[in-house]
Amino acid sequence: MANESVATKKYYWYEVSKKLDAFAKKIKFDQWKGWIYLSPAIVLLLIFTVWPIFNTVRMSLLEGYTTMTEINGATFQFGFGNFIRVIKYPGFITCLKNTVLLTVLTVPISTFLALLIAVCLNSIKLFSRALQTIFFLPYVTNSIAIGMVFAAMFNMIIGGNARPDSVGIVNNVIEFFFGEGSYINWMNAGSANPDGTASWANFTVMVVYIVWNALPFKILILLGGLQSVNKQYYDAAKVDGTSRARVFARITVPLLSPMIAYVVITGFIGGFKEYSSIVGVFGEGMGPVGNAYALDTMVGFIYRAIGKQEGTASAAALILFGIIFVVTMINLYVSNKKTHY
Amino acid sequence: MSETKVMQQRDLQQVTAQQKVIGICAKVLTYTFLSIMALIIIFPFYWMIISSLKELSEYRRSIPTLFPKVIDYKNYIEVFQNRDLLLGRLFLNTVYVGIVSTILSLVITVLSAFAFARLEFKGKNALFAFLLATMMIPGELFTITNYQTVNAFGWMETFTVLIVPFLVSVFYIYLLRQNFLQIPNELYLAAKVDGTKDLKYLWKVMIPLSLPNLISITILKMMGAWNSYMWPRLVANDDAHRLITNGLRTAFTDASGNTDIPVQMAAVALVSLPLFLVFIFLRKYIMKGVSRSGIKG
């Protein structure tokens, strides 16, 4: 009895839904409904995403373009002048060098360390949860605020004497291992460099900070990958008496290669957009005191040209996009050849 | 015959003993390595907190103290009294921008994701593919033109300029669409038959079912407002609208001189505190969001 009523009800629903669908099709109800639901997103995307794409290309191809002169009625020649100017500008070359150097140093170091930590975390049971929590901690931080903490840790307080009043906690540790006087002026070493370049000490501070900051995300992804690896491979290796190093190189890394490729690619993209971590550590001067912009990056270059030299900024932004695009393609090509799925 | 058996057994025992020793060594090495790395990860937070509790004279001692001799809360009082920082104002500004932009962003994201997941219309797939393609372009490329646009709209130094340009996140739309697609279509058809309006269905069925993802988006969006630096610095760098990260950086411009670092560390600790609370109570939502996106904020 009850079953029968359910069946009739179901049939009734089926009939009604069919009729409803036919009706909706007739008036093309869904056609405009979809667009209405999407309208707020589309309006905002047209203004703040689509228009900028066209406008950036336009501005980059108008030689010497600035908003002010355009408002005043000036016309611009069409050409690649902005791109040539950007490439020839010495400040841009410094930015490019800094960006590439920081990326090339931090991506391999952080990936390797994250891999090591993830493998170790995966191999232990005791305290595993607590350690995972600790390693995830830097992710949920403000890169400007913690950058200021790193600056304080590396900074020396110079008094009137030959030896600074305080060499800073990092130098304290170095002196503990290498003897007194082995401290390094991390923050202001390059302040007197005549060619406006930063010192290796300044770069070291940035590399340490960027790696510290990049670890949690990479560990999270790699650990997630490790936990989904089939345990049978390891059991087979155990039966064969394979050494740990060999297991790592022959089983763990190949099985983890899609995740490694992912963190390397996102690492490169993030590296080429490095900016706020440097502002966090070195301040808006982006360099040691007296040598401003010695640690400037591509994004920093673009930001400083916004509102002043839009043509140059657009050209630089397109160059940055080009570099990121090419590097990502190379990464994908290499990882497609090397990764096992 | 029996002699060889005994020997074999002895060998076996030796081998297992050896393996045990190697295993213990590996364990010790693993824990040592992890402990050292964990110390390095935690140390900046520790240093921030203890430095913020030190008197300036103690902070400047040549031999540093790993724990303050005199715990001094004065630095925190000084942070609140700092005329360059105006911490209370920064806090309110940031919370206001964070809440308004999160709510509006959630509405737009839910509506868009619903359209992409449930509604049929011409050009849907092409539009979706186009949206995904825009995710590849670095944000800096948009900023140049957006600066001109908001300037032309007369939005400079308002809250609008901090909220509106970033309301649509293609990634969140994508995330939620995938979530919506998992909800069986039969539910939708049944609701339609019952005469339920789409919006009611969205509110009563789809939103409750995708609540974890919506919470992840909310947290990431709030954290984004808290941590955003470049755009606020560019377009709303006045006292009335400045956001907290920008305010923190501009209040302590002298990054490497002999500034009063304990006060600075107290300010940094106060800015970091809400993030720590989020980390402690809502970690699983963040981790879920992060492992899917790989983007900060």
*With every protein chain in place, what's the accessible area of B:E120 (1.4 Å probe, Å², nearest 10)?*
110
*Inter-chain Cβ neighbour average for residues A:128-140, partner chain, 10 Å*: 5
*Just need the Rg to Rh number for the protein assembly as shown, please, alpha carbons only, Kirkwood Rh.*
1.03
_Among A:A198, A:A152, A:Q227 - extreme Cα towards positive end, dipole of the range A:151-249, charges at beta-carbon_ = A:Q227
*Taking every residue in B:32-38, how many Cβ atoms of other protein chains lie within 10 Å of its Cβ, on average?*
5
_R0 of 56 Å, Cβ-Cβ distance A:A292-A:N122: FRET efficiency to nearest 0.05_ = 0.80
*At 1.4 Å probe size, with no ligands or nucleic acids counted, give the accessible surface of A:T312 in Å², nearest ten.*
20
*Over the protein assembly as shown, give the accessible area per residue in Å² for a 1.4 Å probe, as an integer.*
50
*1.4 Å probe, heavy atoms, protein only - residues of the range A:300-341 losing at least 50 Å² accessible area vs chain alone*: A:Y303, A:I306, A:F321
_Cubic angstrom per residue, convex hull over Cα atoms of the range A:236-292_ = 118
*Counting only other chains, what is the mean number of Cβ atoms within 10 angstrom of the Cβ of each residue in peptide B:198-211?*
0
*For the range B:188-230, with all protein chains present and a 1.4 Å probe, just round the carbon and sulfur fraction of the accessible area to a whole percent.*
71
*Counting only protein heavy atoms and using a 1.4 Å probe, what share of the accessible area of the range A:82-338 belongs to carbon plus sulfur, as a whole percent?*
66
*asked:* If you average the C-alpha positions of the range B:186-215 and of the range B:228-251 separately, how far apart do those two centres end up, in angstrom?
replied: 40
*How big is the A-B contact in terms of buried accessible area, both chains counted, 1.4 Å probe, rounded to the nearest 100 Å²?*
9000
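The values are calculated or read from the model by the stated rules, or taken from the named source; none is laboratory data. Owing to the predicted nature of the structure, the values given are computational and were not obtained by experimental measurement. For neighbour counting, all protein chains shown are included, and Cβ atoms are generated from backbone atoms with ideal geometry for every residue, glycine included. Heavy atoms of the whole protein, side chains included, go into the accessibility calculation; ligands, DNA and RNA do not. Shrake-Rupley method; radii C 1.70, N 1.55, O 1.52, S 1.80 Å.
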